[in-house]
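K.L.:
Have a look at this one before I ask anything.
The values are calculated or read from the model by the stated rules, or taken from the named source; none is laboratory data. These figures come from a predicted structure and were not determined experimentally. Cβ sites come from the backbone with ideal geometry, for glycine too, and all protein chains shown count toward neighbours.
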Amino acid sequence: MPKHITCIVCPMGCSLHVSETETGYVIKGYQCKEGLMYANQELTAPKRDLSSIMKVRNRINTYVPIRTSETVDKSLIEQVMQAINRTSVDAPIDYHSTLIQNVLGLGIDVKATKAIK
Amino acid sequence: MKTVDLCIIGGGAAGLAVALKASEHPIRICLIEASHSLGGILNQCIHAGFGLSHFSQNLTGPEYAHRVTMLLQDKHITLMLNTTVTTIHENQILSYINESGANVLGFKALVLTTGSKERNRFDINLMGPRISGIYTAGLAQAYMNYYGHRVGNKVLIVGSGDIGLIMARRMRLEGADVLGVVEMNPYSSGLSRNVVQCLEDFDIPLYLSHVVVSCKGTSRLSKVVIQAINKGILIDGTQKEIACDTLLLSVGLLPENRLLKGLDIVKHSSSNQVNINEFFQTSLPYVFVCGNALHIHDLVDDVSKEGALAGLAATTYLLDNLPNTPITSHKGEGISYVIPHAFSMDQNPKTLAFRVSKPMKHVVLHVKQGHTLLKETRHKILLPSMMEHLSFELEKGSLEAITLEVVTCQNI
């Protein structure tokens, strides 16, 4: 089935067309090597930065901003979000301290991106 | 009355950069911030994508704020948090208010780094009943990211600026149903990275060339009517009703420069931008403006760079003095604005920041002084959503005005 990918390497935003054959993906429409590399990565293992917030139990109306220590497989983002929303923490929280270690066994940590006194 | 050499109003990315640069010199600096912490809007922008050029790292907003704030530790700067400046008076005195009461502060130079404000429903002529459920995207972002409060369940977004796109993803990740993004122009006004990662990743539709024509509901918003538009004219028979309880507006930012009202400061007539010279100096020589308070930036990295330049200029003004800037600069065909609006005659390379007025490919730009061509540049693509910079050198001895214009381009 043909697929469409918008390249995000540069502002040109080339429209890439992908078709799948027996020997692999055929990518058309790219105008540079980086575009081809981006399309290959998107087709094989798309990953995304994930950031959100986590509830701080012992402070009124307080949430600490968090991010994952590495990019997360696009298909797992909803599950990681659920794990984050199930968790709450107590202040004080140090900058970049680990709030969830090895989330869902992915080898990725969830870290605070701000210190809470 | 307490007096300082340099007073900075606003402790966001711009104000922090000004303070950091100025602290390299033996002057008394005071930084006034209205909220309880430094970093400004960075604190609510919890997503990554900041600092790629300034720190060579992909940071979130709070991380960027943390890094900049750390650089300021142990510097000789008087910090006044939870303090609001109410008036800047003509005689180099300002009034402020904080928990110890109302007071005044004298200064020799002042840098305004008060950021920007969001355009609201009245700025886009969105009429209708005064029902709840209509927010600016940045306000909804503050509720979500500071207080964990999601403002709605079924969300429609107007305007495809970066804040709108980021909020589409954010609301979706927190479990809201995001029904679409409505954009008046035939192109998105956000970065293509955000269109892909915030909309396409979640199959959120982008309605290009569409506007909101009405909002309906009794106490809370219940539906929004959108309609296709072509060159400013609504197309009959294209109305579409979208049932939703929340409308987020991401329809642009305006420089926040209200504090300069009443002072003898020239504003650029068309854009509400303060008129400044290459030293970020206004027509009142002791007042400087930079960051989003001057013009809206896409990247905080550019704000930090600009803040450092303004900090250096304000310090030079205090310790030495700045040269006259008799050479004016103007936008020409295809350009929506240029910054700064005046240059000195010295032979240093000059830089213009600018935006084009519409998306264009294969562009040739000319910087002219009078009729003399100073520089010609070629660009594969230029978009209104991208601030660009261009360096050039002046013609020796000439006092004629500078113009930046698009000479040839292909429409997209």
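K.L.:
Which condition number does B:E395 fail, the rest of (1) among the acidic types (D, E); (2) modelled with pLDDT under 95; (3) within 30 Å of B:K231 (Cβ to Cβ) being met?
P.N.:
Here B:E395 meets the rest and fails (3).
K.L.:
With respect to A:Y25, is the statement that it is closer than 19 Å to B:V196 by Cβ, more than 12 Å from every other protein chain (Cβ to nearest Cβ) and surrounded by 15 or more Cβ atoms within 10 Å (Cβ to Cβ) true? Give the derivation first.
P.N.:
Values: closer than 19 Å to B:V196 by Cβ: yes; more than 12 Å from every other protein chain (Cβ to nearest Cβ): yes; surrounded by 15 or more Cβ atoms within 10 Å (Cβ to Cβ): no.
No, not satisfied.
K.L.:
Follow-up question, since we're still on this one. Could you grab the pairs with beta carbons closer than 7 Å, sequence gap of 6+ or different chains, first residue in the stretch A:2-22 and at the interface with another protein chain (Cβ under 9 Å from one of its Cβ atoms) and within 23 Å of B:G190 (Cα to Cα), second one small (G, A, S) and part of a loop (DSSP other than H, G, I, E, B)?
P.N.:
Short answer, once both residue conditions are applied: A:T6/A:G13; A:C7/A:G13.
K.L.:
Out of the stretch B:32-54, which residues are without any contact (Cβ under 8 Å) to a residue 60 or more places away in the chain and either surrounded by fewer than 20 Cβ atoms within 10 Å (Cβ to Cβ) or more than 20 Å from the chain's Cα centre (by Cα) (or both)?
P.N.:
Selection gives B:A34, B:S35, B:H36, B:S37.
K.L.:
What residue, among those in the stretch A:89-98 that are touching a strand residue (DSSP E or B) at 6+ places or on another chain (Cβ under 6 Å) and within 14 Å of chain B (Cβ to nearest Cβ), is farthest from A:R57 (Cα to Cα)?
P.N.:
So the residue we want is A:H96.
Rundown of residues vs (1) without any contact (Cβ under 8 Å) to a residue 40 or more places away in the chain; (2) surrounded by fewer than 13 Cβ atoms within 10 Å (Cβ to Cβ); (3) acidic (D, E); (4) away from every other protein chain (no Cβ under 14 Å), yes/no style:
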{"position": "B:L322", "(1), (2), (3), (4)": "no, no, no, yes"}
{"position": "B:G334", "(1), (2), (3), (4)": "no, no, no, yes"}
{"position": "B:V338", "(1), (2), (3), (4)": "no, no, no, yes"}
{"position": "B:M345", "(1), (2), (3), (4)": "no, no, no, yes"}
{"position": "B:Q369", "(1), (2), (3), (4)": "no, no, no, yes"}
{"position": "B:H379", "(1), (2), (3), (4)": "yes, no, no, no"}
{"position": "B:P384", "(1), (2), (3), (4)": "no, no, no, no"}
{"position": "B:Q410", "(1), (2), (3), (4)": "no, yes, no, no"}
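K.L.:
Then there's this: Tell me yes or no: at least one residue of the stretch A:79-88 is more than 10 Å from every other protein chain (Cβ to nearest Cβ), of a type in the set (D, E, K, R), in contact with a strand residue (DSSP E or B) (Cβ under 7 Å, 6 or more places away or on another chain) and more than 19 Å from B:Q44 (Cα to Cα).
P.N.:
no
K.L.:
Considering each residue of the stretch A:43-63, count those that are without any contact (Cβ under 8 Å) to a residue 40 or more places away in the chain, touching a Lys or Arg at 6+ places or on another chain (Cβ under 9 Å) and not hydrophobic (A, V, I, L, M, F, W, C), and give that number.
P.N.:
The qualifying residues number 6.
K.L.:
When you go through B:Q273, B:Q281 one by one, which is the residue that is touching a His at 6+ places or on another chain (Cβ under 9 Å) and buried (at least 16 other Cβ atoms within 10 Å of the Cβ)? Explain how you work it out, then say what you get.
P.N.:
Details: B:Q281 fails: touching a His at 6+ places or on another chain (Cβ under 9 Å).
Answer to the selection: B:Q273.
K.L.:
Is at least one residue of the stretch B:144-167 out of contact with any strand residue (DSSP E or B) (no Cβ under 8 Å at 6 or more places or on another chain), free of Cβ contacts under 8 Å to residues at least 60 places away in the same chain and on the phi > 0 side of the Ramachandran plot?
P.N.:
There is no residue in the stretch B:144-167 that is out of contact with any strand residue (DSSP E or B) (no Cβ under 8 Å at 6 or more places or on another chain), free of Cβ contacts under 8 Å to residues at least 60 places away in the same chain and on the phi > 0 side of the Ramachandran plot.
K.L.:
Please verify whether A:T44 is surrounded by fewer than 16 Cβ atoms within 10 Å (Cβ to Cβ), on the phi < 0 side of the Ramachandran plot and modelled with pLDDT under 95, treating the condition exactly as stated.
P.N.:
Details: surrounded by fewer than 16 Cβ atoms within 10 Å (Cβ to Cβ): yes; on the phi < 0 side of the Ramachandran plot: yes; modelled with pLDDT under 95: yes.
It is true that A:T44 is surrounded by fewer than 16 Cβ atoms within 10 Å (Cβ to Cβ), on the phi < 0 side of the Ramachandran plot and modelled with pLDDT under 95.
K.L.:
Got a sec? Which of B:V196, B:V213, B:V225, B:V274 is among the β-branched types (V, I, T) and within 14 Å of chain A (Cβ to nearest Cβ)?
P.N.:
Details: B:V213 fails: within 14 Å of chain A (Cβ to nearest Cβ); B:V225 fails: within 14 Å of chain A (Cβ to nearest Cβ); B:V274 fails: within 14 Å of chain A (Cβ to nearest Cβ).
Exactly one of B:V196, B:V213, B:V225, B:V274 is among the β-branched types (V, I, T) and within 14 Å of chain A (Cβ to nearest Cβ), namely B:V196.
K.L.:
Sticking with this structure for a sec: Identify, please: which residue in the stretch A:49-78 is in contact with an Asp or Glu (Cβ under 8 Å, 6 or more places away or on another chain) and within 9 Å of chain B (Cβ to nearest Cβ) and is, among those, nearest to B:R169 (Cα to Cα)?
P.N.:
The selected residue is A:S52.
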